[in-house]
1. For residues that are of a type outside the set (S, T, N, Q) and out of contact with any strand residue (DSSP E or B) (no Cβ under 7 Å at 6 or more places or on another chain), scanning just segment B:68-83, find the one that is surrounded by the fewest Cβ atoms within 10 Å (Cβ to Cβ).
2. I need the full set of residues from segment A:1-17 which are part of a loop (DSSP other than H, G, I, E, B) and at pLDDT 95 or above, in order please.
3. Scan segment A:58-67 for residues that are surrounded by 15 or more Cβ atoms within 10 Å (Cβ to Cβ) and in a strand (DSSP E or B) and jot them down.
4. Show the residue pairs that are 6+ apart or on different chains and have beta-carbon atoms under 6 Å apart, the first residue being within segment A:70-93 and farther than 18 Å from A:V51 by Cβ and free of Cβ contacts under 8 Å to residues at least 12 places away in the same chain, the second being of a type outside the set (G, A, S) and part of a strand (DSSP E or B).
5. Pairs needed: first member in segment A:18-44, more than 14 Å from chain B (Cβ to nearest Cβ) and outside any strand (DSSP E or B); second member anywhere, of a type in the set (K, R) and surrounded by fewer than 20 Cβ atoms within 10 Å (Cβ to Cβ); C-beta distance under 6 Å; at least 6 residues apart or different chains.
6. For segment A:18-37, what are the residues that are surrounded by 13 or more Cβ atoms within 10 Å (Cβ to Cβ) and more than 20 Å from B:S46 (Cβ to Cβ)?
7. Failed condition for A:S97, given (1) at pLDDT below 95; (2) of a type in the set (S, T, Y); (3) more than 18 Å from B:M99 (Cα to Cα), with all others met?
Amino acid sequence: SQTIHQWPATLVQPVGSPLSLECTVEGTSNPNLYWYRQAAGRGLQLLFYSVGIGQISSEVPQNLSASRPQDRQFILSSKKLLLSDSGFYLCAWRGASGTDTQYFGPGTRLTVL
Amino acid sequence: KQEVTQIPAALSVPEGENLVLNCSFTDSAIYNLQWFRQDPGKGLTSLLLIQSSQREQTSGRLNASLDKSSGRSTLYIAASQPGDSATYLCAVRRRDNDMRFGAGTRLTVKP
């Protein structure tokens, strides 16, 4: 069966510090991978998606970036965090077919102080 | 642009009641619609996926319907239990990597 992991589970960082969040998927190959942010009281916002190694598409302009160094690894990064980067970050995966179910990881709670 | 709206934003019911959660979307050209459950501080758990060619899907006490032409979906929960308390999110997939979420309905089932 497929499993998706995210770490860390929670993170408190000062403004201006770097960020690295990691997501890995087990039990599937060549998944589509996604990073979402869920801000308090707001819906999920798609940040990045990837259909293959090294292929990253950005949905919104921001100071975040994403990378996919391996087939089942997706990393969200920032060189300098802003207060507005606080939120709940969710990684998700889906099979390559457009009709497949999308599955989410447990999330990372990021607080920028 | 696809907009997804969920009504009501919050709902509180006594245990045992049947209830309906609503989801509406503005663009009927969708691949599928998915209902999720989210517990506080947790990730999303997939409940039901309805393909654009389907009218409904059932899993246990849950039944989701889809009326693509009118841009509506409902999630029916039978015989609600306190353990059903969570936020329920609907999401529609338009093009391949374009999945739009509603803001959710926060459900509380009181014992």
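1. B:G83
2. If the condition is that a residue be part of a loop (DSSP other than H, G, I, E, B) and at pLDDT 95 or above, then A:P8, A:A9, A:P14, A:V15, A:G16, A:S17 are the ones that fit.
3. Initial filter on segment A:58-67 (surrounded by 15 or more Cβ atoms within 10 Å (Cβ to Cβ)): A:59, A:62, A:64-67.
Selection gives A:L64, A:S65, A:A66, A:S67.
4. Close Cβ pairs satisfying both conditions: none exist.
5. A:P18/A:K79
6. Kept after step one, since they are surrounded by 13 or more Cβ atoms within 10 Å (Cβ to Cβ), are these residues of segment A:18-37: A:19, A:21-25, A:28, A:31-37.
Matches in segment A:18-37: A:L19, A:L21, A:E22.
7. So the condition that A:S97 fails would be (3).
Every residue, every condition in (1) assigned to a strand (DSSP E or B); (2) closer than 22 Å to B:N32 by Cβ; (3) more than 12 Å from every other protein chain (Cβ to nearest Cβ), yes or no:
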site: B:S65; (1), (2), (3): yes, yes, yes
site: B:T74; (1), (2), (3): yes, yes, yes
site: B:S80; (1), (2), (3): no, no, yes
site: B:G83; (1), (2), (3): no, no, yes
site: B:V92; (1), (2), (3): yes, yes, no
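The values are calculated or read from the model by the stated rules, or taken from the named source; none is laboratory data. Please read all numbers here as calculations on a predicted model, not as lab measurements. Counting neighbours? That spans all protein chains shown, and the Cβs are built from the backbone with ideal geometry, glycine included.
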